[in-house]
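Okay, structure first, notes after.
The values are calculated or read from the model by the stated rules, or taken from the named source; none is laboratory data. Since we're looking at a predicted model, the values are computed, not measured. Because the Cβ atoms are built from the backbone with ideal geometry, glycine has one as well, and the counts that use them run over all protein chains shown. For the accessible areas, the whole protein counts, side chains as well, though only heavy atoms, and no ligand, DNA or RNA atoms are used. Shrake-Rupley method; radii C 1.70, N 1.55, O 1.52, S 1.80 Å.
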Amino acid sequence: MTSTQQRAALHRQIWAIANDVRGAVDGWDFKQYVLGALFYRFISENFAAYIEAGDDEVNYADFPDDSEVLAAIKEDAIKTKGYFIYPGQLFSKVAASAKKNERLNTDLANIFDQIEASASGYPSEHDIKGLFADFDTTSNRLGNTVKDKNSRLAAVLKGVAELDFGDFEGAQIDLFGDAYEFLISNYAANAGKSGGEFFTPQHVSRLIAQLAMHKQTSVNKIYDPAAGSGSLLLQAKKHFDAHIIEDGFFGQEINHTTYNLARMNMFLHNINYDKFDIQLGNTLTAPHFGDDKPFDAIVSNPPYSVKWVGSDDPTLINDDRFAPAGVLAPKSKADFAFVLHALSYLSAKGRAAIVCFPGIFYRGGAEQKIRKYLVDNNYVESVISLAPNLFFGTTIAVTILVLSKHKTDTTTQFIDASGLFQKGTNTNLLTDEHIQQIMEVFDSKENIDHLACSIPLEEVAGNDYNLSVSAYVEPEDTREKIDIKVLNAELKTTVEKIDQLRQDIDAIVAEIEAE
């Protein structure tokens, strides 16, 4: 099955599940059950495969839960995988009997509690705890009666069980990412909620990861200060050899549900608990990983123009992240606070690629002062404007800011990629060809009419530190060019024809009147 066929099959199956539970579960809440079931199936299959170790004669699902063999290997399994699942708790066994199980909702709740509890006291405890918190099997969102709850849970398990892509490792698509994109695109608008702030589409993530990792033969670790569902971090894993990222994946997320999704996503991409560290909390006011910095690669799509405490907290101006700029980002627009945070965590050899709201590149006040700090210290490598409508929940044409602490000159590159996109059903898309074109321009730093130019620091400073791409890259004039001499000649000919026509009409009229 090709990736296109697998993606279409996944979408059909999710829609079929939605039809089975329609009318009971709000679409935005429904996505938690689909993603949670996907995750439950994955860790079950992944754990069984670990125990079976490729031996076709071993079937973990056939083991009795009280087997002495399991008791002997349990501790080592938890230390290796981070959790333990008994044979009777496997997704395949629960899904097979789900329709007839009158205690399905409470059985599932107990299984999830036991999987999480298996990590208690082990190094993986933080990474496992609360993973199933949003898969609430006893919630009234599933129905008012136990029978209704069980019926809908069984429908979700059955639908996920029927996804026939072989094992997760062999799938041609990113099951979790594709499922999430499909659910967001179909439910975010209807639910009256913006899913775009929690998820960076995979095609945009590919570009951002490549910008941050460009020409780095190895990075110590990769970091996202506004991790969302982890899609940006995972694109780095997908497009670069595993050994290039030496010490793993780090991220912080403020939204609890999305924080859980990010941790699930790490496991789903077979990143072991000891190779990732996702923390919950406000990055701007309670940042983690101060002892783990600097990072050689930083990727981020922080929320656009959100409010933050800013100058209401007098201690922040002395914070190592913000003090060098001499000013805090406005309280009503935290965009540059995220930028300065990322810069503070960036290593001397690394790059940060950050999705930004366009307004921060030309507005005055504190934002202009922060731009001055960034430009004068030669941290801005490239500013890349993208096409509109690439993200779910917003049609804004965003800009990518690429920061570097190892520039070899004092120019800033501006790339106008706003014309590079493919029309999609709900949003526009960046194709692989578009991404390659942007990366080639980024790498070469060549001046290309209507696409890219590199501007000396002095010129940027003389332009009030305006970093808008439109201030430096002249758009192509697509209007039809007209040759005035040719036009005048054509007009003269037309006038002569009109005069002749009038004379002919007058002659005909005169003949008629003479009769």
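In this structure, Phe392 qualifies as closer than 21 Å to Ser231 by Cβ and of a type in the set (Phe, Trp, Tyr).
The one condition from (1) in contact with a helix residue (DSSP H, G or I) (Cβ under 8 Å, 6 or more places away or on another chain); (2) free of Cβ contacts under 8 Å to residues at least 60 places away in the same chain; (3) closer than 30 Å to Ile370 by Cα that Phe421 does not meet is (3). When the residues of segment 193-245 are filtered to those that are open to solvent by 30 Å² or more (accessible area, probe 1.4 Å) and touching a Lys or Arg at 6+ places or on another chain (Cβ under 7 Å), the one that is modelled with the highest pLDDT is His214. For segment 478-512, a residue qualifies if it is within 30 Å of Leu451 (Cβ to Cβ), among the charged types (D, E, K, R) and either touching a Cys at 6+ places or on another chain (Cβ under 8 Å) or open to solvent by 100 Å² or more (accessible area, probe 1.4 Å) (or both), and the qualifying residues are Arg479, Glu480, Lys481. When Phe391 is tested against (1) under 18 Å from Lys215 (Cα atoms); (2) among the hydrophobic types (A, V, I, L, M, F, W, C); (3) crowded, with 19+ Cβ neighbours inside 10 Å, exactly one condition is not met: (1). Those helices (runs of 4 or more DSSP H) of segment 360-471 in which 3 or more residues are within 28 Å of Gln216 (Cα to Cα) and at pLDDT 95 or above occupy 366-376, 432-444.
Annotation note: Cβ proximity below 7 Å between a residue of segment 379-397 that is among the charged types (D, E, K, R) and a residue that is open to solvent by less than 10 Å² (accessible area, probe 1.4 Å) and in a strand (DSSP E or B) (sequence gap 6+ or interchain) occurs for Glu381/Val402; Glu381/Leu403; Glu381/Ser404; Glu381/Gln413.
For segment 103-112, indicate whether the set of residues that are more than 29 Å from the chain's Cα centre (by Cα), under 29 Å from Ser229 (Cα atoms) and part of a loop (DSSP other than H, G, I, E, B) is non-empty. Checked against the condition, which is being more than 29 Å from the chain's Cα centre (by Cα), under 29 Å from Ser229 (Cα atoms) and part of a loop (DSSP other than H, G, I, E, B), segment 103-112 yields no hits at all.
Residues of segment 31-75 that are part of a helix (DSSP H, G or I), more than 20 Å from Asp113 (Cα to Cα) and of a type outside the set (Gly, Ala, Ser): Lys31, Tyr50, Ile51, Glu52, Tyr60, Asp62, Glu68, Val69, Ile73.
Search segment 277-309 for residues being among the small types (Gly, Ala, Ser) and surrounded by fewer than 21 Cβ atoms within 10 Å (Cβ to Cβ), and hand back the single one that is nearest to Ala262 (Cα to Cα). Looking at the filtered set, the residue picked out is Gly281. When segment 430-445 is filtered for residues that are among the charged types (D, E, K, R) and over 18 Å from Ser404 (Cα atoms), the ones remaining, listed by number, are Asp432, Glu433.
When restricted to residues that are charged (D, E, K, R) and open to solvent by less than 20 Å² (accessible area, probe 1.4 Å), segment 246-276 contains 2. Residues that are at positive phi and either surrounded by fewer than 19 Cβ atoms within 10 Å (Cβ to Cβ) or touching a Cys at 6+ places or on another chain (Cβ under 6 Å) (or both) within segment 45-96 comprise Ala53, Gly54, listed in sequence order. Only one of the listed residues (Ala353, Ala329, Ala342) is buried (at least 17 other Cβ atoms within 10 Å of the Cβ) and assigned to a helix (DSSP H, G or I). That residue is Ala342.
Candidates are the residues of segment 404-418 that are surrounded by 22 or more Cβ atoms within 10 Å (Cβ to Cβ) and touching a residue at least 40 places away in the same chain (Cβ under 8 Å); the one that is farthest from Leu374 (Cα to Cα) is Asp416.
Looking at Tyr83, Tyr122, just one residue is among the hydroxyl-bearing types (Ser, Thr, Tyr), closer than 22 Å to Phe39 by Cα, assigned to a loop (DSSP other than H, G, I, E, B) and over 30 Å from the mean Cα position of the chain (by Cα), and that residue is Tyr122. Scoring Trp308 on the criteria (1) over 21 Å from Leu343 (Cα atoms); (2) without any contact (Cβ under 8 Å) to a residue 40 or more places away in the chain; (3) touching a Ser or Thr at 6+ places or on another chain (Cβ under 8 Å) leaves a single failure, condition (1).
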